[in-house]
Amino acid sequence: DAVERTRSQLGAGLDNVLALGRTVDEETLDELEAVLLTADIGSSTTSEIMRNLRQRALREKATTDELKQMLKEELRAILDSVEQPTNHPTQAPEVIMMVGVNGTGKTTTSGKLAALYGTHGRKALLCAADTFRAAAIEQLEVWAQRSGVDIIKTKQGGDPSAALYDSLTAGKARGADIVIVDTAGRLHNKAGLMAELDKMRRTAQKLVPGAPHQVFLVLDATTGQNGMQQARLFTESAGVTGIVLTKLDGTAKGGIVIAIARELKLPVVFAGVGEKMEDILPFNSDAFLDSLLG
Ligand code: GDP
């Protein structure tokens with residue numbers, strides 16, 4: 001299944017380094033460090049993990065099996081150190097804004113999430129507020145049809161905040177539980193984009209107290225450490241509460257999840273694992289660590 005598809009380069013690399021059941025020495029640790037670096041965990045996170053492991057493994061004269069267990073504990077501690085988003089709405093609808101750079105999978109994820117919430121008995125409404133990218137609105141309409149949810153849109157080039165205003169008004173009138181807002185992601189105009197997102201936040205706040213309840217940053221897992229740069233930009237100014245990591249089916253380097261947790265202090269809340277409606281999974285640390293470490 002999807003989790004297996006992320007089964008990883010790291011797992012295979014660890015098998016090589018740690019298979020022999022020998023006592024850990026400096027060479028083992030150097031090899032382990034190299035393996036971690038190839039898995040997109042990032043250099044600063046890898047350094048920190050290795051500092052802890054090196055001390056412990058040498059002091060305790062650990063075997064390679066024990067080292068693998070220690071590594072798992074280190075990774076788990078990083079994932080556990082990040083709080084899950086818990087901004088529960090006091091009044092419907094819950095408002096979720098999807099932000100991120102074009103091409104990362106915002107529109108696709110918006111559609112998948114609408115369908116997923118539907119299967120949990122929550123009535124979603126889609127808001128087509130990516131009025132910048134050609135075809136984003138039509139693409140979201142196709143998703144709305146597929147998942148059988150209402151969509152509110154404006155024309156291409158229109159004001160995203162106007163689309164949001166109409167969506168929240170409709171969402172309240174129609175008894176929607178959740179409004180999912182697809183936004184634009186033109187990164188070359190950073191100041192303009194951030195001003196637009198800010199205006200949308202204020203618009204949401206005016207119509208629904210506490211909104212937006214969640215801001216999900218959509219990141220493409222195949223872009224690795226470049227994705228981390230984008231992420232910093234958005235987390236600094238867009239009030240991101242969680243990450244949706246897409247295209248995990250297209251990479252064997254799931255280590256980016258660890259880097260996100262440690263460097264951005266944000267949880268991965270959903271993983272995208274394909275282009276179809278059902279190709280989305282609530283993120284689960286246990287399943288993830290099992291598949292990552294093999
Ligand atoms: P947006 O510009 O951020 O709205 O990105 P789109 O939703 O248009 O997605 C860009 C491309 O990525 C499309 O071809 C999607 O089908 C594809 N895509 C999105 N999520 C995933 C995923 O989890 N796995 C794979 N393999 N492709 C995805």
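Summary table
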| item | result |
| --- | --- |
| Rounded, prolate or oblate (a/c below 1.5 giving rounded, otherwise prolate when a/b exceeds b/c) for region 77-207 by Cα gyration tensor | rounded |
| Degrees between helix 26-38 axis and first principal axis of the chain (Cα, 0 to 90, nearest 10) | 20 |
| Mean residue ellipticity (222 nm) of the chain, computed from DSSP H runs ≥ 4 via -39,500 (n - 2.57), nearest 500 | -15500 deg cm²/dmol |
| Exposure ranking of T86, T64, T223 by accessible area [1.4 Å probe, largest first] | T86, T223, T64 |
| Electrostatic dipole magnitude of the chain [Cβ: Lys, Arg +1; Asp, Glu -1; Cα centre; debye, to 20] | 1060 |
| q = 0.07, 0.10 Å⁻¹: log10 I(q)/I(0) that the Debye formula gives for the chain, counting C-alpha atoms only | -0.29, -0.56 |
| Rel. contact order, % - alpha carbon contacts under 8 angstrom, at least six apart, region 97-174 | 29 |
| Accessible-area ranking of K199, K68, K61, largest first, probe 1.4 Å | K61, K199, K68 |
| Lys, Arg +1 and Asp, Glu -1 on Cβ, resulting dipole of region 1-94 about Cα centre, debye, nearest 20 | 160 |
| Bridge type composition, the chain - antiparallel percent by DSSP, nearest 5 | 15 |
| Share antiparallel - DSSP beta bridges, region 154-287, percent rounded to 5 | 25 |
| Heavy-atom accessible area per residue - region 57-192, 1.4 Å, Å² | 45 |
| Greater than 18 Å apart at Cα, pairs in K112/K190; K123/K172; K72/K253 | K112/K190 |
| Three-way shape call for region 199-250 based on the alpha-carbon gyration tensor, with the a/c threshold at 1.5 | prolate |
| Net charge over other residues, Cβ less than 12 angstrom from the Cβ of D25 (K, R count +1; D, E count -1) | -1 |
| Carbon + sulfur, % of accessible area of region 173-283 - ligands and nucleic acids excluded, 1.4 Å | 50 |
| Pairs beyond 28 Å (Cα-Cα), from K155/K265; K106/K199; K153/K265; K155/K199 | K155/K265; K153/K265 |
| Net lengthening on full extension, A287/A12 (0.36 nm per residue, minus Cα-Cα) | 97.3 nm |
| For the chain: relative contact order, % (alpha-carbon pairs under 8 angstrom, 6 or more apart) | 27 |
| Leading residue at positive end of dipole, region 1-112 (Cβ point charges), from L58, T28, T108 | T108 |
| Helix 106-119 axis, angle to the chain major axis (alpha carbon atoms, nearest 10°) | 80 |
| Viscosity 1.002 mPa s, temperature 20 °C, Stokes-Einstein D of region 116-165 from Kirkwood C-alpha radius, µm²/s | 191 |
| Accessible surface, 1.4 Å probe, highest first, among residues R133, R174 | R174, R133 |
| C-alpha long axis of helix 224-237 to longest principal axis of the chain, angle in ° | 50 |
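The values are calculated or read from the model by the stated rules, or taken from the named source; none is laboratory data. Here the structure is a predicted model, which means the values were calculated and not measured. Here the Cβ is made from the backbone with ideal geometry for all residues, glycine too, and neighbour counts use every protein chain on show. Accessible surface is based on the protein model in full, side chains and every heavy atom, while ligands, DNA and RNA are left aside. Shrake-Rupley method; radii C 1.70, N 1.55, O 1.52, S 1.80 Å.
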